[in-house]
Amino acid sequence: MAKDAALSLYLHVPFCSLKCSYCDFNSYAKLDDLVPDFVDALCTELALWAPIVRGRPVETVFFGGGTPSLLPLPHIERIMATLRDHYALANGAEITLEANPGTADRDYFAGILAAGVNRLSIGFQSLHDDELAALDRIHSAAEAVQCYRWARDAGFGRINVDLIYGLPGQPMASWQDTVERAIELAPDHVSAYALTVEDGTKLAYDVEHGTVPPPDGDLQAEMYEWAGGRLSEAGYDQYEISNWSQPGEECRHNLVYWLNGEWLALGPGAHSHWGGHRFADVYSPRQYIRLVATTAEEPPSPDASPATVLAAMKQVTFVDPQPASLQMADTAILALRLNAGLDLAAFERRFGRRFEDVYAEPLAETLEMGLLERANGRLRLTDRGRYLANEVFVRLLPD
Ligand code: SF4
């Protein structure tokens, strides 16, 4: 990647008020005492990376979690000041913060907007109280709507709402009502994900013990199809398998992931893609705080190779070098999740090889199966391919 290529930053805030039943993210309830030390460590980690990526304009920043809106305003202000002091924030950089209803009010939103956050992603999940309670969400449907209104009142122009479908016992009509009520609020962006049962969650335990029914895949497919049609009718463009936006309101940060760009992810358990490696910080917030301090005692040389830098970053405890075969597969698979598909000329520019040559056999097979189509120099999933995307992806992975 060129030394002046754009860079994105992901900042992981690992705190939540309560653990939701379905959640396997690296997030923890009742660790509030750690917040000040965590913010110190995050600012230190930002400062440690800055000389290594100096000169690269930061186009997007994403505060994810966890629940970043649990961080009191002075902490957000301090992190934003650290970003400005140490990085070349691009003009018009997109700075998103994930907020959960029940943790933020109008004054908070006005404060973070003034600090430089300019996009919000609000976790609605459902607009039915019984479903929210079953997910162990901390808020009601009315609080979710109130949270959205406070954000708008405070002046936020770009807002995403997150929804989940296929909840245990959720009838189609209830999902349709959630989508309709979300559309009425006119968010700029909607993300809708199927509920999945992740190992180690309370939901997995309940499903295993028969107290909660497992999600119904057929019903989830119908819900997905219905939501796609309704959102498109309401003026939203689907640009990724699970994401819709009003024209021009795509999430620029997530597009960096889907275009297999480079980003640094800071904070406990956050996963980065930089310097030909995927790598992650240690999951435990306490160890993260300790290991960032250890790195600060002997910071890496800014001119060292990526592998040497990663070895010196003691908080980085997982490193996976990416051979070209994997980078090509990742680039193709991630781009195929986008409606725009894979730009074949861009693929050749990036890797010096034609996609058609590298993947001749799987390409012929998936075109024949009607899962992929070519148009205007791009390769895209067909409607059928969207439902059977894994059939395509598995054929592109290296052995
Ligand atoms: S608020 Fe989000 S990160 Fe926190 S427990 Fe719930 S789903 Fe997980």
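Miscellaneous remarks
- Evaluation of ALA47 against (1) within 16 Å of the ligand (Cβ to nearest atom); (2) open to solvent by 20 Å² or more (accessible area, probe 1.4 Å); (3) under 18 Å from ALA270 (Cα atoms) (one fails), failing number: (1)
- Screening the candidates GLU222, GLU297, GLU262 for the property of being within 30 Å of GLU184 (Cβ to Cβ), charged (D, E, K, R) and out of contact with any Cys (no Cβ under 8 Å at 6 or more places or on another chain) yields one hit, GLU222.
- Boolean, GLU77 is acidic (Asp, Glu), in a helix (DSSP H, G or I) and more than 16 Å from the ligand (Cβ to nearest atom): yes
- Taken together, SER305, SER245, SER272 contain a single residue that is more than 20 Å from ILE52 (Cβ to Cβ) and not aromatic (Phe, Trp, Tyr), which is SER245.
- Within the stretch 382-399, considering residues that are open to solvent by 60 Å² or more (accessible area, probe 1.4 Å) and assigned to a helix (DSSP H, G or I), the one nearest to LEU344 (Cα to Cα): ARG395
- In the stretch 366-381, the residues that are free of Cβ contacts under 8 Å to residues at least 12 places away in the same chain and part of a helix (DSSP H, G or I): LEU367, GLU368
- Selection of the stretch 65-94 for residues being without any contact (Cβ under 8 Å) to a residue 60 or more places away in the chain and either among the aromatic types (Phe, Trp, Tyr) or surrounded by 22 or more Cβ atoms within 10 Å (Cβ to Cβ) (or both) yields GLY65, GLY66, THR67, PRO68, SER69, LEU71, ILE76.
- Of the candidates VAL309, VAL256, VAL319, the single residue that is open to solvent by less than 30 Å² (accessible area, probe 1.4 Å) and touching a residue at least 24 places away in the same chain (Cβ under 8 Å) is VAL309.
- Evaluation of ARG337 against (1) of a type in the set (Lys, Arg); (2) open to solvent by 80 Å² or more (accessible area, probe 1.4 Å); (3) out of contact with any Gly (no Cβ under 6 Å at 6 or more places or on another chain) (one fails), failing number: (2)
- LEU379 being at pLDDT 95 or above and open to solvent by less than 20 Å² (accessible area, probe 1.4 Å): yes
- Against the list (1) in contact with an Asp or Glu (Cβ under 8 Å, 6 or more places away or on another chain); (2) open to solvent by less than 50 Å² (accessible area, probe 1.4 Å); (3) farther than 24 Å from LYS3 by Cβ; (4) of a type in the set (S, T, N, Q), the condition SER284 fails is (1).
- Of the helices (runs of 4 or more DSSP H) that lie entirely inside the stretch 125-226, those containing 3 or more residues that are buried (at least 20 other Cβ atoms within 10 Å of the Cβ) and modelled with pLDDT of 95 or more span 141-154, 172-184.
- Any hit, the stretch 331-351, residues being under 24 Å from the mean Cα position of the chain (by Cα) and without any contact (Cβ under 8 Å) to a residue 12 or more places away in the chain: yes
- Taking the listed residues TYR283, TYR257, the one that is in a loop (DSSP other than H, G, I, E, B) and within 21 Å of the chain's Cα centre (by Cα) is TYR283, with no other qualifying.
- Conditions (1) open to solvent by 40 Å² or more (accessible area, probe 1.4 Å); (2) under 30 Å from LEU34 (Cβ atoms); number of the one not met by MET369: (2)
- Restricting the stretch 1-43 to residues that are part of a helix (DSSP H, G or I) and open to solvent by less than 50 Å² (accessible area, probe 1.4 Å), the residue that is farthest from the ligand (Cβ to nearest atom): CYS43
- Qualifying residue in the stretch 53-64 (condition: open to solvent by 20 Å² or more (accessible area, probe 1.4 Å), near the ligand (Cβ under 10 Å from one of its atoms) and either part of a loop (DSSP other than H, G, I, E, B) or of a type in the set (A, V, I, L, M) (or both)): no
The values are calculated or read from the model by the stated rules, or taken from the named source; none is laboratory data. These numbers come from a predicted model, not from an experiment. Glycine also receives a Cβ, built like all others from the backbone with ideal geometry; neighbour counts cover every protein chain displayed. We work out accessible area using only protein heavy atoms, side chains counted, and drop any ligands, DNA or RNA first. Shrake-Rupley method; radii C 1.70, N 1.55, O 1.52, S 1.80 Å.
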